[in-house]
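Read-outs throughout are calculated quantities, based only on the coordinates presented, and are distinct from any laboratory measurement. Fair warning: this is a prediction, and the values are worked out from it, not measured in the lab. No Cβ is skipped: glycine too gets one built from the backbone with ideal geometry, and neighbour counts run over all protein chains shown.
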Ligand code: FEO
Ligand code: CA
Ligand code: CA
Ligand code: CA
């Protein structure tokens, strides 16, 4: 059955050119204004951020590395969700990491990093921990734009110390037991909050992405079962490391459980500080009720544990199960969906976090298999699946073990290894589901190097740029599918590749989507479907390959539907000795991306990633996050050498920030 696409939409802006300047470029007739940057106060009694590394109170300041975000319109009573309110709202912003420490501390971090075994000043750790998590702020319409309400009772931070309830099948599992919660019901903190989603009952969902790198694992961490060792390895907590920040070794002023919990070592001498399972309490989708600051924040374990990006709901239908789509952003990982056991009752739309317990704790988790003929299947991750129950490499104890080790369960089920699943979304105009596959580059296990090419991940490329050899899928692509019978809970689907990233002049065998100078890009990452303008899609980039030609960007897109293009043979560019890339791969490509259906809307300042976008319900304002401008110069001490001073200018340290974009004539954004 032919899908309907929103073909009557037309862009109302002229595309912006690629840019390598340290400015935020938007189309003529548009204005961009910074709303909330790293360290800005979220309470009225907090002093302005000095941006010199001396402000330590991130519990009352915007966190760092702004990532995904969601606008929740507020009702007139000022106490709940109104999806149609453009006057007043809560903005929930993920603060993914705090890693550009040259900009965050007065003169860089002390005893920092996975190699260090020296104690770190607790004051530094506290600041980094508090700059992670989520920032919630109230905003109100002021003229054509929005201002922060710093007096709002809703303004708050959720950080890497906030207490979370563990909910769903892994709650009370012995695999979740820690010294903090011996019964396995709670944990402290959320980490690497990257992509997002929101529920039909008005709560914010946030994905814990690269949490695996945070833990100290000592050389003598040896007292583990074979299963524990296999699980650690599968999740990337392999050899001895102090963890990304060396957070477990605080100096004497902070020598407590709060720091020791980052040490997951299991040694004969460590029984009294038993945090060996703490890594099992990270890697989840967390649910936060923005309108109820006193509600417990929860980790929804039924949705599986991996390097979560966001969690995107299919359009809810009364009487049908709800469906949420998710990506696991690591090389050669999987795409998942969760189908609720409970059928949707629209009256739950006003119940806030209470509804989360009803829908998100019981259901079935699936992993996706993309067949080479353009069809696909959903593989259930339960012990009723014989491939999981009888898996030779790992003996699953129960469903808690399955969700905690969802990657291993998906291996057992036979899911398709993808080119780093980043963000996704459901097109309100067609019901089709999109997920970006940002890239898959590694000389050891990139696409086509060790992981075979397939129709859904068909590109291998090798090129030497300066001293770096790029090998694998360097430009990324966006896959999409249509569920059988247009039923989100279906077991099968049809897919194609909506868009392939490429340089416009790369040649038609690489530039498979026919990109032009007005819309060429690499490494799609954030994508987001407008609700105000059904059929309008935003695409954001996190590029490591095309940055010699342009800073990261955001494009507006008017996608068609699965099957509107053609099948193509891809001949891969080079054949390394260790690859199986010496083949042509047949894939399915969506319609050509002419500038009338894909147009560059924004280019960020230097060294940033453009990530996170949401809108006012009237479609007249969009909010965009600029993440880590200048990050490559964070260890430089001379401000003149910073690659970016955005947004403050002069010699300022660069900061991540939420930007508000409006049209000067007050009209709708983009179309
Ligand atoms: Fe935090 Fe996969 O982006
Ligand atoms: Ca991302
Ligand atoms: Ca990325
Ligand atoms: Ca980034």
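A few points about this structure:
- Neighbour-count ranking [beta-carbon atoms within 10 angstrom, fewest first] of 597, 34: 34, 597
- Relative contact order computed over region 8-124 (Cα-Cα under 8 Å; 6+ residues apart), in percent: 18 percent
- C-alpha center-to-center spacing [region 247-261, region 622-671] in angstrom: 34 Å
- Stokes-Einstein D for region 628-671, Kirkwood Rh over Cα pairs, 37 °C, 0.692 mPa s (µm²/s): 268 µm²/s
- Within region 510-546, backbone nitrogen closer than 20 Å to the virtual label 7 Å beyond the Cα of residue 349 toward Cβ: 529-535
- Inter-site label distance for residue 240 and residue 384 at 7 Å from Cα along Cβ, in nm: 4.7 nm
- Residue list for region 421-449, given a label point 7 angstrom along the Cα-to-Cβ vector of residue 486 and an amide N cut-off under 14 Å: 427-433
- Stokes-Einstein diffusion coefficient of the chain, Kirkwood radius over Cα pairs, 4 °C, 1.567 mPa s, in µm²/s: 52 µm²/s
- Each distinct pair of alpha carbons in region 149-241 adds a 1/r term; the inverse of their mean, the Kirkwood radius, is 15.9 Å.
- Computed lengthening from residue 23 to residue 147, 0.36 nm per intervening residue step minus Cα-Cα distance: 42.4 nm
- Distance-filtered residues of region 238-263 - backbone nitrogen under 17 Å, label point 7 angstrom along residue 123 Cα→Cβ: 250-255
- Gain upon complete extension [residue 14, residue 267; 0.36 nm per residue less C-alpha separation]: 84.9 nm
- Computed from the C-beta positions of residue 219 and residue 110 and an R0 of 30 Å, the FRET efficiency is 0.85 to the nearest 0.05.
- Exposure proxy ranking, count of Cβ atoms within 10 Å, fewest first, for 442, 269: 269, 442
- Legend: Rg and Dmax of region 393-441, from Cα coordinates, 14.7, 43 Å.
- Theoretical FRET efficiency, 1/(1+(r/R0)^6), r = Cβ-Cβ of residue 665 and residue 341, R0 60 Å, to 0.05: 0.80
- Calculated FRET efficiency for the pair residue 227/residue 185, C-beta based, R₀ 25 Å, to 0.05: 0.65
- Label-to-label distance for residue 163 and residue 651 is 4.7 nm, based on points extended 7 Å past Cα in the beta-carbon direction.
- Computed from the C-alpha gyration tensor, the three semi-axes of the ellipsoid equivalent to region 33-149 are 33, 14, 11 Å, from longest to shortest.
- Descending principal axes extents, region 429-573, alpha-carbon based, whole Å: 48, 31, 23
- Antiparallel DSSP beta bridges within the chain, percent to nearest 5: 95 percent
- When each of 322, 381 is scored by the number of other beta-carbon atoms lying within 10 Å, the sequence from fewest to most is 322, 381.
- At 1.567 mPa s and 4 °C, Stokes diffusion of region 198-269 via Kirkwood alpha-carbon radius, µm² per second: 93 µm²/s
- Counting every alpha-carbon pair across region 268-341, the share separated by more than 21 Å comes to 46%.
- Our estimate of slack between residue 393 and residue 469, defined as 0.36 nm per intervening residue step minus the Cα-Cα distance, is 24.0 nm.
- Relative contact order of the chain: 16 percent, from C-alpha pairs under 8 Å at least 6 residues apart in sequence.
- Largest-first principal axis extents of the Cα set of region 462-510 (Å): 49, 20, 12
- Nitroxide proxy distance, nm - points 7 Å out along Cα→Cβ at residue 548 and residue 84: 5.3 nm
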